[in-house]
Amino acid sequence: MAVPVSTSINYGQVAVRYDDSRCIEPAIGVALADGLRSLGARSILEIGAGTGNYTGTLSANGWQVIALDRSPAMVKIGAQKTPARWILSDASALPLRTRSVDAIAGVNVLHHLPALPAALSEFRRVARVGAVIQAVVRENIETLWYRHYFPEIDEVLIPLHPTLGSLITSMFHSGFRRVGVVKIFYSGRGDLTFEAARSRAHLLFDSGFRSSTSGFRRLESAGIARGLAELERDLESGAFARIAATFDAAHSDAADCVVITAR
């Protein structure tokens, strides 16, 4: 069993309350399943499986799933919830044989990988037919109205997310030959991930919501407090709608995230 690499987000602290705000986003679940079916996959290695929300659904729908995460606390919870085989490891050095599974799957994981090219090469090595990966790319973050209130996003978060073009290029360099992209908008009803507040601004005032997202956990508390104070004033005055509209046109094209099927 490989030793997990360090990360700026301590998921040992997050794990116990993680499922209070996280579940399956229906649009992602559908796109993930469609992509895996298009690959003809039966066995899957799920990268960054967390507490196993998507793992359980994949298993219930007939896929043979190996679930991998580098957080011992997440793996412990996930293994209690789902019948999958769980592995504690880092995605950049997968402890599996070459071509040992049909496909790689992953949700909200790429921005946690400090060595993305190495991880993508490992995905291609281990998978017989391809990968289906949900990702938040730079275009998704750059077009969020959050940036008006929390300008630190430009320095702290945007660099963690590749552009869609550079991600596809990296996949080609890693050995994938064909790549398809589906754009996804979050419903905001269940899975309260970072982008869920785009259509529900008041979520940002919930400290539990903020602490459950790696995005806000990476921002300084003083900057968050300043941004929330400004957001509250704009919501009360009505100025928020005008400010959000300056981002929304571009965001309607960029979407909240993408699901990439590579083969």
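The values are calculated or read from the model by the stated rules, or taken from the named source; none is laboratory data. The shown structure was predicted, so the numbers you read here are calculated from the model rather than taken from an experiment. Reconstructed Cβ throughout: ideal geometry from the backbone, glycine too, with neighbour counts over all protein chains shown. Just the protein is used for accessible areas: all its heavy atoms, side chains included, with ligands, DNA and RNA removed. Shrake-Rupley method; radii C 1.70, N 1.55, O 1.52, S 1.80 Å.
Adding -39500 (n - 2.57) for every DSSP H run of four residues or longer, then dividing by how many residues the chain holds, sets the calculated 222 nm ellipticity at -12500 deg cm²/dmol. Legend: calculated FRET efficiency, residue 237 to residue 20, from the Cβ-Cβ distance at R0 = 30 Å, rounded to 0.05, equals 0.40. Per residue, the accessible area of the chain comes to 44 Å², computed with a 1.4 Å probe over protein heavy atoms only. The fraction of accessible area contributed by carbon and sulfur in the range 9-91 is 52 percent, rounded to a whole number (1.4 Å probe; ligands and nucleic acids excluded).
Each DSSP beta bridge with both residues in the chain is either parallel or antiparallel, and the antiparallel ones are about 40%. Counting Lys and Arg as +1 and Asp and Glu as -1 over every other residue whose Cβ lies under 14 Å from the Cβ of residue 228, the net charge comes to -4.
Which of rounded, prolate or oblate describes the range 1-141 when judged by the alpha-carbon gyration tensor and an a/c cut-off of 1.5? It is rounded, given that a/c, with a ≥ b ≥ c, falls under 1.5.
Our compactness index for the chain, the C-alpha radius of gyration over the empirical 2.2 N^0.38 Å, is 0.99. Evaluate E = 1/(1 + (r/R0)^6) for residue 181 and residue 128, where r is the Cβ-Cβ distance and R0 equals 25 Å; express this FRET efficiency to the nearest 0.05. E(calc), rounded to 0.05, equals 0.70.
Counted by Cβ distance under 15 Å from residue 120, the other residues give a net charge of +3, where Lys and Arg count +1 and Asp and Glu count -1. Solvent-accessible surface of protein heavy atoms, probed at 1.4 angstrom with all chains present, puts 30, 137 in the order 30, 137, largest first. The residues neighbouring residue 131, those whose beta-carbon lies less than 9 Å from its own, together hold a net charge of +2 under the Lys/Arg +1, Asp/Glu -1 convention. Using heavy atoms of the protein chains and a probe of 1.4 Å, the accessible area assigned to residue 148 is about 80 Å².
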